[in-house]
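Shown next, in structure tokens, is the structure this report addresses.
The values are calculated or read from the model by the stated rules, or taken from the named source; none is laboratory data. Keep in mind it's a predicted model, so treat the numbers as computed, not measured. Here the Cβ is made from the backbone with ideal geometry for all residues, glycine too, and neighbour counts use every protein chain on show.
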Amino acid sequence: MNFDRKFLVCALLYAIAGMSLGIYMAATDNHGELVAHAHILLVGFVVSFIYGIIHKLWLGQPNSAVANLQFYIHQAAALILSVGLTLLYGRVVPAEKLVPALTGGSLAVLIGAVMMLYMVLTTRTVRS
Ligand code: HEM
Ligand code: HEM
């Protein structure tokens, strides 16, 4: 599967997860998971979707080792932040226990973005 399609599939999975949490918040009239909901949808769905579009439109033949690493770093980050924030705002696990994972997840989102910029700058574009 190409990277654009891999990002698209992951993005849609996060859309389903984030919307489900949104419907749960609305149905229970408890918006406590708002921050988790927002980041599942924005980091998981929206940013993954944008990375898929960047692959489709601007990265024809990226260095596959870098592209693979970037894909897994962003997906690991999205998963860690999604699960971590849901546990945090659901008050399932105390904040101090989640800090290392959330810090690592946050930095990984940033590293994923820097790697995407690197690929955009170094890969020959398919169309201009
Ligand atoms: C099934 C669809 C959805 C439902 C039922 C839903 C439900 C909710 C609810 C109940 C809140 C809390 C509102 C509040 O207390 O202020 C919320 C906030 C939020 N939602 Fe959704 N949502 C849905 C889809 C989305 C999508 C698709 C996105 C983004 C791509 C999104 C992004 C956000 C953001 C960023 C916030 C935080 C807004 C703020 O800072 O006040 N939601 N959503
Ligand atoms: C490095 C990854 C990220 C970190 C560490 C981070 C951290 C945070 C923090 C600490 C808040 C305040 C939460 C609160 O109100 O208690 C926040 C809110 C928010 N962030 Fe992020 N964020 C990240 C990525 C993103 C991305 C990529 C987007 C959008 C594409 C985004 C959109 C938002 C929005 C819309 C809110 C307001 C939601 C609300 O009302 O609480 N964040 N973020």
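Could you pull out the residue among PHE45, PHE71 that is in contact with a Lys or Arg (Cβ under 7 Å, 6 or more places away or on another chain), hydrophobic (A, V, I, L, M, F, W, C) and part of a helix (DSSP H, G or I)? Quick ask: steps written out before the conclusion?
Numbers: PHE45 fails: in contact with a Lys or Arg (Cβ under 7 Å, 6 or more places away or on another chain).
Sole residue among the options that is in contact with a Lys or Arg (Cβ under 7 Å, 6 or more places away or on another chain), hydrophobic (A, V, I, L, M, F, W, C) and part of a helix (DSSP H, G or I): PHE71.
Mind listing whichever residues of region 88-123 are of a type in the set (S, T, N, Q), more than 10 Å from ligand 2 (Cβ to nearest atom) and exposed (fewer than 14 other Cβ atoms within 10 Å of the Cβ)?
Answer for region 88-123, where residues must be of a type in the set (S, T, N, Q), more than 10 Å from ligand 2 (Cβ to nearest atom) and exposed (fewer than 14 other Cβ atoms within 10 Å of the Cβ): just THR122.
Checking the conditions here, which among ALA95, ALA113, ALA108, ALA78 is within 16 Å of ligand 1 (Cβ to nearest atom) and within 19 Å of ALA38 (Cα to Cα)?
Step by step, each of ALA95, ALA113, ALA108, ALA78 is checked, and only ALA78 is within 16 Å of ligand 1 (Cβ to nearest atom) and within 19 Å of ALA38 (Cα to Cα).
For the subset of region 76-125 comprising residues that are in a loop (DSSP other than H, G, I, E, B) and in contact with a helix residue (DSSP H, G or I) (Cβ under 7 Å, 6 or more places away or on another chain), which member is modelled with the lowest pLDDT?
The extreme case among them is THR125.
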